[in-house]
Each structure stands twice: as structure tokens, then as C-alpha cells.
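The values are calculated or read from the model by the stated rules, or taken from the named source; none is laboratory data. All of these numbers come straight from a predicted model, not from anything done at the bench. Virtual Cβ from ideal backbone geometry, glycine too; neighbours counted across all protein chains shown. Just so you know, the surface numbers come from the protein's heavy atoms only, side chains and all, with ligands and any DNA or RNA stripped out. Shrake-Rupley method; radii C 1.70, N 1.55, O 1.52, S 1.80 Å.
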Amino acid sequence: CRMTTSTVEDDAALARAIAALELERATASAALDDGFLRPTAREAATADDEALARRFQAEEDAKASAGPAAAATAASSDGSRCRGCGLAIGMFEGLASVRLENGSRYHGRCFKCAECAGSMLEGSQSCEFVIHGSGADARMMHKTCYMEKHKPRCSVCDVGMEADANGVIRFHIEPFWGAKSCPAHATDGTPSCDGCRRLQPRRGEEYVRLPDDRMLCAKCVSTVVVDQHDAEPLFQDIVQFFGTFGLSALGPNSTLPSLYMCTQDVMDHVDVEEAWHRGRTSQVRGMCVSHTETVDVVYREPMWTKQTRGGSMFSNLLRGGFQMVERRLPQLVTQKVSAILVLSCLPRLLCGQILAHECMHMYLKLNGFPTLEPIIEEGICQLFSLLWIEAQMAKPEISGEDVVFAAYIADVIKSDESPIYGDGARLAIAAYTDHGLVHVLDSVKRTRNLP
């Protein structure tokens, strides 16, 4: 009996609790809108967005399963992929993504500086940055990080060159070699090599000072041509080089002139006498010394004086009223080359290029060429010296350093900005390219002009 009574009481208590819960629920439903217990429009739209995002993700997974090539194509053409990590930019991630002017997109977390790894936005909606490199090697950096890492260093004083107030870094670039230096070193007395024109660094390599105060770097000193004994093999090689074109360097009735290796002061003194290079070049490194020989035919004829005119020839002869007059008619004009002068203590290839230039002057004088305009004559001489340099570069025994130095000499000839040597060389090179050396020389001899 006790057990039964207790069970009935428990069931009555449970029934009362259930009734109280139903009453609370009914009261809450009456106080609130019926939509509170149903999905709202926002929740329905969110559900649709999630379904759409799942569909997009499925499509991206399908593209990825097609292979690396297809994924790379999709990454480059589909703006929904992050340029930084290569992953897709989801619908919700797109709110925090970054789009560049070229169409590239980044996750907000991927839009970082490749140098300092800091955010490119730096708390703002816009920023200045630099893209260094191209394609797969492109690296995006803060403008300040780029300038700090990639700002040029001076090849002379080995310090980073700072930008001016306008954010511009100004520096001097050595032609061909590409070494950058502070603009001040062009006027502060920093020595430059007389062979390769490179400036002497403040630390490390010491340049060699020559007796005439010119300077040479260690590389140029290693092949320097000092005197006639050193230069004679070059002289013979260049004379034989004329033969590769079927030409005779010395003409029909000439002998090889003397070769002299001179210091700069001697070259300048002789140039003052000759006055050929005046106003055409800043430094005289070679000279072809020549003179003209004229052979005259001399004849005499009588000339009657006024006092004896009108008389007979016999009477005039008796009176001595006539005199013999000497007349000269130039019959033969020839040019003779007495010497070739080349600046001493230059690297072998540079010495050879200068000697080849002067040997072409010799060829023009000894083979009956007329007097030419300076731009024509110097242009032909520069062309021939360039052909000799290119022939040296093709020799199998030439070293790698000599190939580079020969390329430097060729670049100097082609890029010379002077109106006589530079423009003349470019005109001659163009004529040679179209017609060949022999035809160019024949045309110049006949017409005094390039074909």
C-alpha cells in the first residue's frame, strides 16, 4: 500500500510540472511574433549563400583535380584566386580581400611585403608599393623597403646612395660596365683607369700610376704594351689582317713605316704640330705621320724683252734682248707615311685597336686615295679597327676576360657620340653591312664618299 501511494503522488507532481511548462510556452508565443520560432529572411539568405559557397568550392576542387596546368590557368584568369597563396577567395573572405588595378586579388592576410613581411595596407585603405621582378619571380614590397634593399651602392665609396628631397636617387653609370657611383666622384679627383675607364674604388684595388700620370687598373696592367718590342707582333698581325680582304696595307711601292710607342705628352706635342685631331677628340692615342711628295717637270722657254720687240730675230739675239724663263708642271703627287705613333702602356687589345685605326690611315695614304672629309676618313678607320677587334674575339685561344674587354672596345666604337668618330663609324658600319669593305673602299676612292 505504501508503495502504490507513493507512485500516485509522483505522477501527479510530474503532471503539474508539464502543465506549468506548457503555460510558459503559450505565454511566450503570445508575447512574441510567430516568426520568432521560424527561420527569418536573413537566415534563409545565409543558408543560400552557404550553399552557393559550397558549390563554388566544389567547382574549384574540380579544377584542381584537372591537374597543375589547369589550376595555374584558373589562377591566372580567375579573379577569385589569391595571387599570394594561390587559394580560392571565398565569398566571405572577399569582403576582406584586396583587388589591385591590374585585376589581381589577395587575401587580406596574404597582402604582405616580401621584405619585412608586414601588411601592405598598414592600417589604411591605400598604400604605395613596388613590384620587383616579373611573372612567377615578382615580389611585392613597401616602397621604403624596396629603396632600402635595392638602392644602388656606390662602386667607389661602397655606401648606399640616398634619395634627394624629391625621392630621386641620382648616380653615374659607367658605360658598358654598368657600375654605379656617386655623381660627386666625377669631379672630386677620383682616378679612372686609362684603359677601361672604370673608377678606382676607395677600398681594395690600387691603381698603377704611369710616368705621364695616367692610371691603370690591375686587369689592364696585366696585358699592357710598353714599347715597340711589345707592339711589333700586333703591327704584323694587323698588316696581315688587310690580306683577309684581299688588300695590301702598304700599296705597290712602299715599305713598312716605323712604329713608336709614346707617352701622352709626346702625343700631345706632335698633335699640336699636325693639328689633325684638334677639336675632334679629348685624348689623342694614335697618329699616322705622313707627308706629300710632288715631282715636278721643269722646262725653260725664251721670253723677249720690250726693248727688242719689232727687230729681227738675229738682231735681237745680238742685242741679248731675250731671257729664258723656267716653268714647273706638277706631274706626280705621292703621299709617304714616315711613322705611326701609338700611346704606350695600354692594354694589348686596346693598343691593337688604336694601331689598326692608324694602319687604315696608312692604307688610304699609300694607295692613292684623294683627300677625304674627316667624317669619311675617320669613319672608315673606326670600321677597320672594329673588324679587327671582332676577329680577335673569334679566336679560340682568347681568354674570357679578353672577350669581355674586346666587347667593351667594340661598344665604345659603336656608341661614341662625337660627330666625327662616332657618326662616321656608324655611317661606315652601315655601308659595310650593305656592301662589304672592298666595295666601300672602291666607292670612297672614286667618289670621295660612302656608297
ask   = Across region 261-294, what is the number of residues that are among the hydrophobic types (A, V, I, L, M, F, W, C) and at pLDDT below 85?
value = 4
ask   = Looking at region 159-185, which of its residues are surrounded by fewer than 12 Cβ atoms within 10 Å (Cβ to Cβ) and either outside any loop (DSSP other than H, G, I, E, B) or of a type in the set (D, E) (or both)?
value = E162, D164
key: Close pairs (6 angstrom Cβ cut-off, 6 or more residues apart or separate chains): under 18 Å from S338 (Cβ atoms) and open to solvent by 70 Å² or more (accessible area, probe 1.4 Å) in region 279-301, at pLDDT 85 or above and not in a loop (DSSP other than H, G, I, E, B) anywhere   = H291/K336; E293/K336
query = So, in region 354-386, of the ones that are part of a loop (DSSP other than H, G, I, E, B) and not small (G, A, S), which residue ends up farthest from T447 (Cα to Cα)?
reply = N367
message = Kindly evaluate S155 against the criterion of being within 29 Å of A407 (Cα to Cα), out of contact with any helix residue (DSSP H, G or I) (no Cβ under 8 Å at 6 or more places or on another chain), surrounded by 15 or more Cβ atoms within 10 Å (Cβ to Cβ) and touching a residue at least 40 places away in the same chain (Cβ under 8 Å).
response = yes
request  = Given the conditions (1) open to solvent by 40 Å² or more (accessible area, probe 1.4 Å); (2) at pLDDT 80 or above; (3) closer than 30 Å to S415 by Cα, report the number of the one that H150 does not fulfil.
outcome  = (2)
key: Breaking point among (1) touching a residue at least 24 places away in the same chain (Cβ under 8 Å); (2) in contact with a Pro (Cβ under 9 Å, 6 or more places away or on another chain); (3) closer than 15 Å to L349 by Cβ, for T263   = (3)
query = Of all the residues that make up region 396-451, how many are in contact with a Lys or Arg (Cβ under 9 Å, 6 or more places away or on another chain), of a type outside the set (D, E, K, R), open to solvent by 50 Å² or more (accessible area, probe 1.4 Å) and modelled with pLDDT of 95 or more?
reply = 1
request  = Would you mind telling me which numbered condition in (1) part of a loop (DSSP other than H, G, I, E, B); (2) touching a residue at least 40 places away in the same chain (Cβ under 8 Å); (3) within 21 Å of V156 (Cα to Cα); (4) open to solvent by 70 Å² or more (accessible area, probe 1.4 Å) E206 fails?
outcome  = (2)
key: Single residue of region 237-251 satisfying the filter (closer than 24 Å to T334 by Cα and polar (S, T, N, Q)) that is most open to solvent (accessible area, probe 1.4 Å)   = Q240
